[in-house]
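Peer 1: One structure coming up, written as C-alpha cells, with questions to follow.
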Amino acid sequence: MGVAHDARAGVRLIRNAFAQRRARAVLAERLGKAETLEPGTYKIAVYFADSKVNLYQIRQWYKPLAELSEVWPVVILSRSPVGASALMDESPLPVAYVRTVVDLENTLAEQDIRIVFYVNQNTRNFQMMRYGRRWHVFINHGESDKMYMTTNQFKAYDYAFVAGDAALARLSSVLWDYDFDKRAIKIGRPQADHYSGVLPYTPDERTVVLYAPTWEGDRAAAAYGSIASHGVALVEALLATGRHRVIYRPHPRSGVVDEEYGAANARIIKAIEAANAADPTAHHIFDDGPELGWQLSAADIAVVDISAMVYDRLAAGKPLLITHPVHPEAEIDRGGYLSACEWLYADDASRIVPIIDDLSHDETAAERLRYWVARYFGDITPGVTTKRFHAAVQHLMDEWDRFARIHAKDEVAIEHGDGTDPIDDPDAILSD
C-alpha cells in the first residue's frame with residue numbers, strides 16, 4: 001500500500017514538473033505578444049500563488065472584484081505559470097505573472113498597490129507579506145465552520161474581511177490578543193449579489209436538488225467528504241423518482257487522495273448520464289463549470305458537506321441539509337450553525353426523498369434558517385453586502401492616506417530579494 005502510494009506520488013510529481021515546464025514555455029510566448037500593464041494604474045492586487053487546481057478559490061471573487069475595479073483598479077498577481085495561463089483565459093481582471101521575487105518587486109515598483117487581497121493560506125503568501133506600506137488583507141474563499149477558518153494565521157494579515165457575527169465569535173474563541181474591532185471587518189457575502197450563469201434547463205414542476213459535496217480531505221480531522229458514504233445512495237434515490245432534478249457539483253479535488261472516493265464520484269456521474277439517456281426531459285446536471293451562482297439560486301433544496309458550500313447556500317437564504325461525516329475523527333464545530341442545522345446521516349441517505357419532502361414544509365426549520373442567515377451574513381437584501389464590501393475598501397484606502405501623511409518624510413529602506421524562488425508547488429496550501 002505504502003509503496004504504491006509513493007509510486008503514484010512520484011508519478012504526480014514528474015507530471016507536475018513537465019506540466020510546469022510546458023506551461024512556462026507557452027506562457028512566455030503569450031506574454032511576448034501581450035500588452036504590458038500600464039504603470040501606476042492599479043491600487044489593489046489579489047495575490048494568488050496557486051496553480052490551476054485551486055482556481056475555485058479566486059473564481060468566486062471575479063465579479064465582486066470586477067465591480068470594485070470600476071472604483072479602485074484591481075490586478076491579479078499570479079505566481080504559477082499554469083495558474084497564470086488559466087487566469088488570463090477566464091478572469092475579467094488583468095493578470096500579472098510574477099513567478100520570481102524580482103518579477104514581483106518590479107511589478108510593485110511600477111504600480112501603486114495599496115491593498116493586497118489573499119484568498120487562501122498558501123505558504124508563499126509570506127513572500128508577499130515582506131512588503132510594507134500597504135495593507136495585507138485576508139478575504140478568504142468562503143465562509144465556513146471548518147478548522148481552516150480558525151487558524152492563527154489570521155494574525156499575519158493587517159486586516160481580515162469576515163462575513164458576520166458568527167465569524168467573529170468563532171475567531172474570538174481561538175485568537176488571543178487580537179484587536180477584532182480594528183482588524184476584523186464585517187462585509188457579509190458580496191458573491192451573493194453576483195449569482196452568475198444561465199440555467200442549462202427550462203424550469204418545470206420538478207423539485208431541483210443541488211448536491212455539492214467537498215473532497216475527501218487529506219487528514220482524518222478534515223474528512224468531511226460524503227460522496228462515498230452518502231452520495232451514491234442519495235443521488236440514485238433522487239434520480240429514480242421522476243419528479244426531481246439533480247444538480248451534482250463535486251469539489252474539483254474529489255478523488256485526488258482516495259481512489260475509492262474517486263470511483264464513487266465516477267459512479268454518480270455515470271448514473272446521471274444514464275438517467276438523462278432514459279428520460280431526456282429530466283435534465284439532470286453534472287456541473288464542473290467555473291461559475292457558481294445559478295446553482296445556489298435555482299435549487300429548491302441543497303445537500304452539502306461541511307465546507308464553504310454550507311455558507312454559500314446559507315447566504316442564499318434557502319433550505320439545506322448537511323451530511324454528517326462518517327469518520328469518527330472529523331472535527332465538527334458545534335458552536336455555530338452546525339449546532340442547529342438539518343443533518344443527513346449516511347444511514348438515511350437512501351431516504352433522501354421523504355426527508356426533503358418533510359423539510360420543505362417544516363416552518364420551525366425555516367425559522368431556524370432565517371436566524372442563522374442573519375447571524376452569519378447580516379442583511380442579505382440584494383446590494384447591501386456589496387455596499388459593505390466597498391465601504392470596507394474605502395475605509396482602508398482612507399487609512400492608507402492617513403498613514404502616508406504621517407510617514408511622508410520617513411526614509412524607506414528598499415528591500416530586494418535574491419531572485420530565487422521555490423519550484424512551483426500546486427499543492428503548497430492548506431486546502432479547503
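The values are calculated or read from the model by the stated rules, or taken from the named source; none is laboratory data. All values reported here derive from a predicted model rather than from experimental measurement. Using ideal geometry, Cβ is built from the backbone for each residue, glycine included, and neighbour counts are taken over all protein chains shown.
Peer 1: Would you pick out the residues in the stretch 256-279 that are among the polar types (S, T, N, Q) and within 19 Å of G242 (Cα to Cα)?
Peer 2: To start, the set of residues in the stretch 256-279 that are among the polar types (S, T, N, Q) comprises 265, 276.
Result: N276, single match.
Peer 1: Any chance you could count how many residues in the stretch 308-339 are small (G, A, S) and either outside the structural domain of H230 (by TED's automatic domain parsing) or more than 15 Å from Q191 (Cβ to Cβ) (or both)? Break it down stepwise before answering.
Peer 2: Here is the first cut: in the stretch 308-339, the residues small (G, A, S) are 308, 315-317, 330, 335-336, 339.
Imposing the further condition that a residue be either outside the structural domain of H230 (by TED's automatic domain parsing) or more than 15 Å from Q191 (Cβ to Cβ) (or both) reduces the set to 330, 335-336, 339.
The number of residues fulfilling the criteria is 4.
Peer 1: Here's a follow-up. Looking only at the stretch 186-220, which residues are surrounded by fewer than 22 Cβ atoms within 10 Å (Cβ to Cβ), closer than 18 Å to I306 by Cα and at pLDDT 90 or above? Before you say what the answer is, go through the steps one by one.
Peer 2: Looking only at the stretch 186-220, we keep the residues that are surrounded by fewer than 22 Cβ atoms within 10 Å (Cβ to Cβ), and these are 186, 193-208, 218-220.
Of the ones still in play, those that are also closer than 18 Å to I306 by Cα are 218-220.
The answer is R219, A220.
Peer 1: Within the stretch 342-374, take every residue that is closer than 13 Å to V310 by Cβ and either within 21 Å of the chain's Cα centre (by Cα) or at pLDDT below 95 (or both) and give me the one that is surrounded by the fewest Cβ atoms within 10 Å (Cβ to Cβ).
Peer 2: W372
Peer 1: So I247 passes all but one of these: (1) surrounded by 21 or more Cβ atoms within 10 Å (Cβ to Cβ); (2) in a helix (DSSP H, G or I). Which condition number does it fail?
Peer 2: Exception for I247: condition (2).
Peer 1: Please go through the stretch 239-271 and give me each residue that is of a type in the set (V, I, T) and closer than 28 Å to G142 by Cα, ordered by number.
Peer 2: V246, I247, V256, V257, I268, I269 - these are the residues of the stretch 239-271 that are of a type in the set (V, I, T) and closer than 28 Å to G142 by Cα.
Peer 1: Let me ask another. Find the residue count for the stretch 254-283, including only residues that are under 18 Å from L210 (Cα atoms) and either of a type in the set (D, E) or at pLDDT below 95 (or both).
Peer 2: Here the count works out to 2.
Peer 1: Which ranges mark the helices (runs of 4 or more DSSP H) fully within the stretch 290-371 that have 2 or more residues being within 26 Å of D193 (Cα to Cα)? Working first, answer last.
Peer 2: Values: elements: 294-298, 308-314, 352-359.
Helices (runs of 4 or more DSSP H) meeting the threshold: 294-298, 308-314.
Peer 1: Could you check the stretch 65-90 and list, in sequence order, the residues that are of a type in the set (S, T, Y) and modelled with pLDDT of 95 or more?
Peer 2: Residues of the stretch 65-90 that are of a type in the set (S, T, Y), as a first pass: 69, 78, 80, 85.
Passing the criteria: S69, S78.
Peer 1: Right, next: May I ask you to list the residues in the stretch 227-244 that are assigned to a helix (DSSP H, G or I), of a type in the set (A, V, I, L, M, F, W, C) and surrounded by fewer than 21 Cβ atoms within 10 Å (Cβ to Cβ)? Working first, answer last.
Peer 2: Within the stretch 227-244, the subset assigned to a helix (DSSP H, G or I) is 227-239.
When the remaining residues are screened for being of a type in the set (A, V, I, L, M, F, W, C), the result is 227-228, 232-235, 237-239.
Correct list: V232, A233, A237.
Peer 1: Tell me which residues, restricted to the stretch 62-92, are among the charged types (D, E, K, R), part of a helix (DSSP H, G or I) and free of Cβ contacts under 8 Å to residues at least 60 places away in the same chain. Steps first, please.
Peer 2: Taking the stretch 62-92 as the starting set, the residues that turn out to be among the charged types (D, E, K, R) are 63, 67, 70, 79, 89-90.
Remaining after also requiring part of a helix (DSSP H, G or I): 63, 67, 89-90.
Across the stretch 62-92, the qualifying residue is only D89.
Peer 1: Sticking with this one: If we scan the stretch 272-282, do we find a residue that is of a type outside the set (D, E), under 22 Å from the mean Cα position of the chain (by Cα) and over 18 Å from P250 (Cα atoms)? I'd like the intermediate steps shown before the answer.
Peer 2: Applying the first criterion (of a type outside the set (D, E)) to the stretch 272-282 yields 272, 274-278, 280-282.
In the following step, the residues that additionally are under 22 Å from the mean Cα position of the chain (by Cα) were identified as none.
So far as the stretch 272-282 goes, no, none of its residues is of a type outside the set (D, E), under 22 Å from the mean Cα position of the chain (by Cα) and over 18 Å from P250 (Cα atoms).
Peer 1: Just to check your reading of the model, which residue among D204, D218 is of a type in the set (D, E, K, R), in a loop (DSSP other than H, G, I, E, B) and over 27 Å from P354 (Cβ atoms)?
Peer 2: Only one candidate passes the filter, namely D218.
Peer 1: Quick one: is S51 closer than 25 Å to R253 by Cα and more than 16 Å from the chain's Cα centre (by Cα)?
Peer 2: Working: closer than 25 Å to R253 by Cα: yes; more than 16 Å from the chain's Cα centre (by Cα): no.
Judged against the criteria, S51 is not a match.
Peer 1: Another question about this same structure. Can you find even one residue in the stretch 27-43 that is of a type in the set (A, V, I, L, M), buried (at least 19 other Cβ atoms within 10 Å of the Cβ), modelled with pLDDT of 95 or more and outside the structural domain of M309 (by TED's automatic domain parsing)?
Peer 2: Quick first cut of the stretch 27-43, residues of a type in the set (A, V, I, L, M) only: 27-28, 31, 34, 37.
Keeping just the survivors that are buried (at least 19 other Cβ atoms within 10 Å of the Cβ) gives 27.
Filter once more, keeping what is modelled with pLDDT of 95 or more: none.
Looking through the stretch 27-43, none of the residues is of a type in the set (A, V, I, L, M), buried (at least 19 other Cβ atoms within 10 Å of the Cβ), modelled with pLDDT of 95 or more and outside the structural domain of M309 (by TED's automatic domain parsing).
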